[in-house]
Amino acid sequence: IGAGVSIGHFSVVEDGVVLGDGCVVGHHVVIRSGSRVGPGSRIDDHAVIGKQPMRAAASATTGAKRYAGAVLGARCLVGASVVIYAGCHIGDDVLVADLATVREDVQIGTRTIVGRGVAIENRCRIGARCKFETNAYLCAFSDVADDCFIAPGVLTSNDNYLGRDSARFDHFRGITVEQGGRLGVGAVVLPGRRVHREGVGAAGALVTRDVPSRTTVAGVPARFFGDVPTTQYLDSSEK
């Protein structure tokens, strides 16, 4: 435990945990064995860091593996009642807001924001400077690159078989969002779909096909709506 660390009432810090200098741990927090928290990070009340996954008998994506503790970078902010599972690697300056869940074997890049109530399932890779807004859901086996924007209520799926037929076990595929991709409020992205660089799925879009680069799709099912304005490009001086 580093210098200047503050730990609230009724919190549990298990063996082998490392807390960097200046960390602030709230009340009723549980930090599981082997987890590492970088200097200057804050963990609010009732959060759990390094939880081992539970495997139901019928689970299709959760294995029996026991993971090493979670790793949080410097200056992370973890909200109240957040659960961050074992095997996660979270970069510096990441915010995980109240009631969010980050499952096992997830990587999150620096300065990304995981909003209130967001659920990130296992085996996902998320880049730097992304924004996941309130109640977005990212399914297992998904990849989200740097500078992506995921609006409130976005839903994703990785199972085209809807839980039936043993063939589904060979075809689980999450979504892919390339750098600068964006999904509007309430968009739904089906298994295996790719949003190419700076592509946009508009609010309420049902994305059943890949989204071309710098193109906006809209509707149910989503179709071409228009080109992304050049002023919204990542490399635009006007953004």
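Is it the case that V29 is out of contact with any His (no Cβ under 6 Å at 6 or more places or on another chain), within 17 Å of V96 (Cα to Cα) and either surrounded by 14 or more Cβ atoms within 10 Å (Cβ to Cβ) or acidic (D, E) (or both)?
yes
List pairs: first residue in the range 115-142 and on the phi > 0 side of the Ramachandran plot, second residue of a type in the set (D, E, K, R) anywhere in the structure, Cβ distance under 7 angstrom, at least six positions apart or on different chains.
R123/D105; R129/R111; R129/D146; R129/D147; F141/R123; F141/R173
Going through the range 219-234 one residue at a time, which ones are free of Cβ contacts under 8 Å to residues at least 60 places away in the same chain and closer than 16 Å to F149 by Cβ?
Residues satisfying the conditions are V228, P229, T231, Q232, Y233.
If you scan the range 172-225, which residues turn out to be more than 22 Å from N158 (Cβ to Cβ) and assigned to a strand (DSSP E or B)?
Hits for the range 172-225 are T215, T216, A218, R223, F224, F225.
Return the total of residues in the range 33-54 being part of a loop (DSSP other than H, G, I, E, B) and either closer than 17 Å to R75 by Cα or over 20 Å from the mean Cα position of the chain (by Cα) (or both).
10
Filter the range 63-88 down to the residues that are within 14 Å of the chain's Cα centre (by Cα), outside any loop (DSSP other than H, G, I, E, B) and of a type in the set (V, I, T), then identify the one that is farthest from R116 (Cα to Cα).
I84
In the range 1-26, what residues are surrounded by 17 or more Cβ atoms within 10 Å (Cβ to Cβ) and not hydrophobic (A, V, I, L, M, F, W, C)?
Selection gives S11, G20, G22, G26.
Can you pull out every residue in the range 117-148 that is within 16 Å of A205 (Cβ to Cβ) and either touching a Cys at 6+ places or on another chain (Cβ under 7 Å) or among the basic types (K, R) (or both)?
Correct list: C148 only.
Since every read-out is calculated from the coordinates, none of them should be taken as a lab result. As the structure is a computational prediction, the values presented were derived from the model and not from experiment. Neighbour counts are summed over all protein chains in view; Cβ atoms, including those assigned to glycine, are modelled from backbone coordinates with ideal geometry.
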